[in-house]
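The values are calculated or read from the model by the stated rules, or taken from the named source; none is laboratory data. Because the structure is a prediction, the values reported are computed rather than measured. Cβ placement follows ideal geometry from the backbone for every residue including glycine, while neighbour counts extend to all protein chains displayed.
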Amino acid sequence: MYGLIGKKLGHSFSPQIHKKLADYEYKLFEMEENEVGDFMKNADFNGINVTIPYKKTVIPYIDRLSDDAKKIGSVNTVKRMPDNTLYGDNTDYYGFKYTLDNNKISPCGKKCIILGSGGASLTAISVLRDMCAKEITVISRTGENNYGNISKHFDAEIIVNTTPVGMYPNCGQAPISLADFTKCEFVFDLIYNPAKTALLLEAEKLGIPYSNGLTMLTAQAKKSSEIFTGNKIDESKIREITESLQKQTLNIVLVGMPGCGKSTLGKILADKLNRRFLDTDSVIEQKFGASIPEIFAQKGEDFFRELEESAVSECGCLSSCVIATGGGVILRQKNIDALRQNGIIIFLDRNIDELASDGRPLSQNPEKIKALYQKRFPIYKECADFEVKVNTAPDLLAEQIIQKLSI
């Protein structure tokens, strides 16, 4: 038996990755820190991976450490040897370095800051040092270099986030703002769920190259699997598995004018792809206990927009869904960010004369709908990854989108 131990693992993609790497059972084991010792001493496992916050906790229970694990002071891979002793290694080193190399990032001669001082930061320090970084500074909550005096390091060229800030389910948070880091050349956030944390969404807006932690996760898993089984795995599997997971977990988000067919198309897409379908208007109605027209009539549009923001935040955190949104969802940047964190946004552009208006409070007046379209059209185009003309049957349109996404 193989698996992963950690404090919170509901977000983990490790079982899917290991299933593609080798033929063994791989389970998730959530536990508190006081349970780690008993697991290490008594559980019947062949090999385990270790994630935050137990990469240091497991070390006293391990009989022999690899040179990398000794150097870094952190373990993420444990193998039970034939004599029943435990061997500890750190494959995060390989995963971290592979990600930098894959993105053609060289820290040599660069100033680097690492956010967080846990086990993952030790790996980052080790890799950056071995790759000849000019300066490496760890930013922690209470250390000499902390978030209160981080302005001393606004000249950082590479920023690495090793904290869980912004990780599912607490999406939308960021440990820092990148706006003042005018020399930043690359941002590496070790979080992989959501695919784009608030930190990476800001990097994207500022035009700073970035990477999340999915490539690192896959690469370290490949190395761990080699240790578990003794079988060499071709490096090409890293890219293959990473791209497969990205497509598998991506949300398909439909935006467009009220009545353009988002819900109809969304249900068809969800059915064809065997995915969960979510309609943000339906989420609002279920939570508030009233229809959208009733909410508008009783509470007004501003109140509805607050409910909508909450619903979008909830839906955007999820993965592998098809999400149909209300026509005005793009009026708030916070909504766009929430939908982009795990999704690809598709603008359904339908002829204004063909828009359905039943049950849509803002679509009753033809002149008003034209004004709405003129106001919203450029926002739809700007926020969308691509647009689709709604000029054919929904089934055919769904097939076009699936072909476009290659999923």
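Can you name the residue in the stretch 140-164 that is more than 14 Å from CYS184 (Cβ to Cβ) and touching a strand residue (DSSP E or B) at 6+ places or on another chain (Cβ under 8 Å) and, of all such residues, is surrounded by the most Cβ atoms within 10 Å (Cβ to Cβ)? Here the answer is THR162. Within the stretch 61-119, the set of residues being among the small types (Gly, Ala, Ser) and within 23 Å of PRO164 (Cα to Cα) comprises ALA69, GLY73, SER74, GLY95, GLY116, SER117, GLY118, GLY119.
Among the residues of the stretch 132-147 satisfying the criterion of being in a loop (DSSP other than H, G, I, E, B) and at pLDDT 95 or above, which is farthest from ASN90 (Cα to Cα)? Out of the qualifying residues, it is TYR147. Here PRO258 meets each of (1) over 22 Å from ASN49 (Cβ atoms); (2) in the same structural domain as PRO169 (by TED's automatic domain parsing); (3) out of contact with any Phe, Trp or Tyr (no Cβ under 8 Å at 6 or more places or on another chain) with one exception, condition (2). In the set ASN212, ASN274, only one residue is surrounded by 15 or more Cβ atoms within 10 Å (Cβ to Cβ) and modelled with pLDDT of 95 or more; that residue is ASN212. Across the stretch 69-80, the number of residues qualifying as without any contact (Cβ under 8 Å) to a residue 24 or more places away in the chain and in contact with an Asp or Glu (Cβ under 8 Å, 6 or more places away or on another chain) comes to 1.
Reported count of residues in the stretch 90-117, each being outside any helix (DSSP H, G or I) and not polar (S, T, N, Q), is 12. Being at pLDDT 95 or above, under 30 Å from GLN248 (Cα atoms) and either acidic (Asp, Glu) or out of contact with any Lys or Arg (no Cβ under 9 Å at 6 or more places or on another chain) (or both): is that true of GLU157 here? When the stated conditions are applied, GLU157 does not pass them.
Which residue is modelled with the lowest pLDDT, if the candidates are limited to the stretch 349-369 and must be aliphatic (A, V, I, L, M) and within 18 Å of PHE296 (Cβ to Cβ)? Only one residue fits best here, namely LEU362. Taking the criterion of being hydroxyl-bearing (Ser, Thr, Tyr) and in contact with a strand residue (DSSP E or B) (Cβ under 6 Å, 6 or more places away or on another chain), the only residue of the stretch 101-118 that qualifies is SER117.
Residues in the stretch 95-110 that are of a type outside the set (Val, Ile, Thr), closer than 18 Å to CYS184 by Cα and buried (at least 18 other Cβ atoms within 10 Å of the Cβ): LEU100, PRO107, LYS110. Is it true that some residue in the stretch 119-131 is more than 15 Å from PHE188 (Cα to Cα), touching a strand residue (DSSP E or B) at 6+ places or on another chain (Cβ under 9 Å) and modelled with pLDDT under 95? So far as the stretch 119-131 goes, yes, one or more of its residues are more than 15 Å from PHE188 (Cα to Cα), touching a strand residue (DSSP E or B) at 6+ places or on another chain (Cβ under 9 Å) and modelled with pLDDT under 95.
Pairs linking a residue in the stretch 224-245 that is within 21 Å of VAL75 (Cα to Cα) to a residue that is of a type in the set (Asp, Glu) and buried (at least 21 other Cβ atoms within 10 Å of the Cβ), with Cβ atoms under 7 Å and 6 or more positions apart or on different chains, are ILE227/ASP89.
Number of residues in the stretch 391-407 that are buried (at least 18 other Cβ atoms within 10 Å of the Cβ) and either over 24 Å from LEU250 (Cβ atoms) or modelled with pLDDT under 95 (or both) equals 0. Among the residues making up the stretch 56-73, those that are touching a strand residue (DSSP E or B) at 6+ places or on another chain (Cβ under 9 Å) and either within 16 Å of ALA221 (Cα to Cα) or surrounded by 16 or more Cβ atoms within 10 Å (Cβ to Cβ) (or both) are THR57, VAL58, ILE59, TYR61, ILE62, LEU65, SER66, ASP68, ALA69.
Residues of the stretch 166-188 being in a loop (DSSP other than H, G, I, E, B), closer than 23 Å to TYR54 by Cα and in contact (Cβ under 8 Å) with a residue 40 or more places away in the chain, which ones? Residues satisfying the conditions are MET167, TYR168, PRO169, CYS171, PRO175.
Only a single item in (1) touching a Ser or Thr at 6+ places or on another chain (Cβ under 6 Å); (2) crowded, with 23+ Cβ neighbours inside 10 Å; (3) not assigned by TED's automatic domain parsing to the domain that holds THR229 is not met by SER117, and it is number (2).
The residues listed here are TYR98, TYR61; of these, the one that is among the aromatic types (Phe, Trp, Tyr) and within 27 Å of ASN34 (Cα to Cα) is TYR61.
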